[in-house]
Amino acid sequence: MKKILSSVASLMLCSVALNAAGTAAGTTVSNSASLTYTVSGAVQPTVSTQNAATFVVDKKIDFSLVHDDDPKHIITTPGSEDVERSFTLENTTNKIQDFTVTATSLASGKVYNSQTDDSEVENLEISVNGGAWTTGTVTIADLGVDASITIAVRSDIPSTNVDGNVMNIQLEATAVKDGTTTAETSTSSVDDKDVEDTVLAEGAGYTGDDNVEFNGKYAAWAGYVINSPVLTLIKSSCVYKDLVSGVSADAKRIPGSTITYLFDIENTGSIDSSDINITDDLATELDVTTVTAVKTNDNQDSCTCSGGVAGAGSAATTVISGQTVAINDLTVKKDKHNCVTLQVNIK
């Protein structure tokens, strides 16, 4: 007797969500099979399985967190407050998922996009989808399948920072059990076809700080670079005139002579500087009532006190109190000098 066997499978799915995350966790997949055959050419009754083969689709936890505003490092200045960076968290788990997110300053020496961290930000805060700013760890509840959410991080820049300082931060997302802050873990027992197991399947995130795949965490980095003026001040003097030679290259520093002081302010930083104030406590041997020719010129390649002649430029704002001369509201462009002059007589 020759038997010809064939199988016809029918697939019955319950509540299957067709999306990038795949079949929804918890879905019961049920399969039945049947066979037909003939005996001596006669078709025999169909034989069906006595019980359908069923299993429950397990939970595959997969998600990503990316820093999504450009550039990777933004330019900021010392003392800036509430400087924001933006991130996006996407849930590609095959089920609604809870997460926690935490922002931290990276340790000195950590390198992000070729920029080495050498300073720290302060007062890190997190806002989810434009909500209230919160310090510490923030919980994101019930992020839908294939849904994403915007997370902003802001911080303050200490005023002690100097030109060229780099501050790198990390935002880390952790998959947590529903309604808790307990981290999800992969099911460690042998597969049970009737139970919804959990499998951590996320990537490593930014790999520069021991972030690894399949641990339920995903990290993204962002950075700040300080642009600031870098100022130096050199004070020098030369003789303008004396009571013997008058205005002359041979004038000497005798009583009654007029001395020209030159204040050379150099800016070697990345940006222009303003609101500069010089305070000069003149020696008692100088007659403060004779102070003249206080001038400023903020766009020079160099400054030279030559022949005692007061420098070119415009009149500077000057306040005199006792023997103290304050020269205020000065500016100096980056990579330039401001040549400030003041003339005063020796008593």
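The values are calculated or read from the model by the stated rules, or taken from the named source; none is laboratory data. Because the structure is a prediction, the values reported are computed rather than measured. A quick note on method: Cβ atoms are made from the backbone with ideal geometry, for glycine too, and the neighbour counts reach across all protein chains shown.
Matching residues to (1) among the polar types (S, T, N, Q); (2) surrounded by 13 or more Cβ atoms within 10 Å (Cβ to Cβ); (3) at pLDDT below 95:
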{"site": "Ala132", "(1), (2), (3)": "no, no, no"}
{"site": "Asn168", "(1), (2), (3)": "yes, yes, no"}
{"site": "Ala173", "(1), (2), (3)": "no, yes, no"}
{"site": "Val176", "(1), (2), (3)": "no, yes, no"}
{"site": "Gly205", "(1), (2), (3)": "no, yes, yes"}
{"site": "Val225", "(1), (2), (3)": "no, yes, no"}
{"site": "Leu231", "(1), (2), (3)": "no, yes, no"}
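Residue-by-condition table, conditions (1) at pLDDT 95 or above; (2) within 24 Å of Val176 (Cα to Cα); (3) more than 37 Å from the chain's Cα centre (by Cα):
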| position | (1), (2), (3) |
| --- | --- |
| Lys3 | no, no, yes |
| Thr23 | yes, yes, no |
| Ser34 | no, no, yes |
| Gln50 | no, no, yes |
| Phe55 | yes, no, yes |
| Ile61 | yes, yes, no |
| Gln97 | yes, yes, no |
### Task
May I ask you to list the residues in the range 163-184 that are assigned to a loop (DSSP other than H, G, I, E, B) and under 18 Å from Leu143 (Cα atoms)?
Lys177, Asp178, Gly179, Thr180, Thr181, Thr182, Glu184
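For the range 112-126: of the residues being part of a loop (DSSP other than H, G, I, E, B) and among the charged types (D, E, K, R), which is surrounded by the most Cβ atoms within 10 Å (Cβ to Cβ)?
Asp117
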#### Entry: Number of the exception - Gly246 against (1) modelled with pLDDT under 95; (2) surrounded by 18 or more Cβ atoms within 10 Å (Cβ to Cβ)
(2)
### Task
Return the only residue of Thr331, Thr341, Thr304, Thr289 being among the hydroxyl-bearing types (Ser, Thr, Tyr), outside any loop (DSSP other than H, G, I, E, B), closer than 18 Å to Ile265 by Cβ and over 39 Å from the mean Cα position of the chain (by Cα).
Thr341
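Got a sec? Which of Ile61, Ile74, Ile96 is of a type outside the set (D, E, K, R) and surrounded by 18 or more Cβ atoms within 10 Å (Cβ to Cβ)?
One residue alone meets the criteria, Ile61.
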### Summary
Across the range 204-233, the tally of residues that are free of Cβ contacts under 8 Å to residues at least 40 places away in the same chain and either of a type outside the set (A, V, I, L, M, F, W, C) or part of a strand (DSSP E or B) (or both) stands at 6
### Query
Could you say which residue among Ser108, Ser86 is outside any loop (DSSP other than H, G, I, E, B) and within 15 Å of the chain's Cα centre (by Cα)?
Ser86
## Note on the structure
Residue count, the range 310-335, condition surrounded by fewer than 11 Cβ atoms within 10 Å (Cβ to Cβ) and either under 15 Å from Ala293 (Cβ atoms) or of a type in the set (D, E, K, R) (or both), comes to 2
### Boolean, Thr49 is more than 30 Å from Val121 (Cα to Cα) and either of a type outside the set (Lys, Arg) or touching a Gly at 6+ places or on another chain (Cβ under 7 Å) (or both)
yes
